[in-house]
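The values are calculated or read from the model by the stated rules, or taken from the named source; none is laboratory data. Bear in mind the structure is a predicted one, so any value in this text is a computation, not a measurement. We place every Cβ from the backbone using ideal geometry, glycine too, and count neighbours over all the protein chains shown. Areas reflect the complete protein model, heavy atoms only, side chains present, ligands, DNA and RNA absent. Shrake-Rupley method; radii C 1.70, N 1.55, O 1.52, S 1.80 Å.
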Amino acid sequence: MKQITWLSTVGLLMVIFGDCLRKAAMLTAGSNFNHIVQNEKSDTHTLVTSGVYGWFRHPSYVGWFYWSIGTQVLLCNPICVVGYALASWRFFRERIEEEEITLIHFFGEEYLEYKRKVPSGLPFIKGVKLEL
């Protein structure tokens with residue numbers, strides 16, 4: 001498989017796309033971006049819905065997800081592609097649910113409306129399900 005140039009090229013494109021998307025998410029969110037899910041809303045914390053956040057609710061996670069899988073596609077490691085995809089997907093499914101509970105607590109109906117309009121960006125991850 002290491003001889004399949006087009007497959008490595010696809011992996012490289014995934015890595016570049018994922019890295020650029022993650023960086024764009026950080027830059028767009030500015031001071032609202034944090035690697036740790038916040039438990040308390042600061043006075044300056046705002047809901048970012050513009051830029052890449054208009055495409056995906058969690059563009060940083062989407063970028064990391066495709067970057068990590070892309071590294072293994074680039075290296076033509078089929079077992080690791082599956083392993084990275086499953087491990088990353090499971091991590092982000094749980095992380096998004098945890099984070100969205102906090103975002104709903106912080107922003108209420110404003111976040112719920114955003115959630116209705118914009119996908120999470122990750123396959124088969126809808127986010128937290130709440131009945132109000």
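Numerical summary
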quantity	calculated
The range 51-119, dipole about Cα centre (Lys/Arg Cβ +1, Asp/Glu Cβ -1), debye to the nearest 20	280
Rounded to the nearest 20 debye, dipole of the range 1-79 from Cβ charges on Lys, Arg, Asp, Glu	180
Rounded to the nearest 20 debye, dipole of the chain from Cβ charges on Lys, Arg, Asp, Glu	520
Carbon plus sulfur fraction of accessible area for the chain, probe 1.4 Å, in percent	63
Leading residue at positive end of dipole, the chain (Cβ point charges), from Phe56, Tyr111, Val10	Val10
Between the range 58-132 and the range 4-33, the alpha-carbon center distance in angstrom	15
Lysine pairs meeting the criterion (Cα under 17 Å, 8 or more apart or interchain), as found in the chain	4
Solvent exposure of the chain as accessible area per residue, Å², 1.4 Å probe	62
Computed helical MRE - 222 nm, the chain, DSSP H runs ≥ 4 contributing -39500 (n - 2.57), nearest 500	-21000 deg cm²/dmol
For the chain, fraction of C-alpha pairs farther apart than 27 Å, in %	24
For the range 1-52: Kirkwood Rh in Å [reciprocal of mean 1/r, alpha carbons]	13.6
Loop sites in the range 70-132: trypsin sites (Lys or Arg not before Pro), DSSP, at most 14 other Cβ within 10 Å	Lys126, Lys129
Relative contact order, percent, the chain [alpha-carbon distance under 8 Å, six or more residues apart]	32
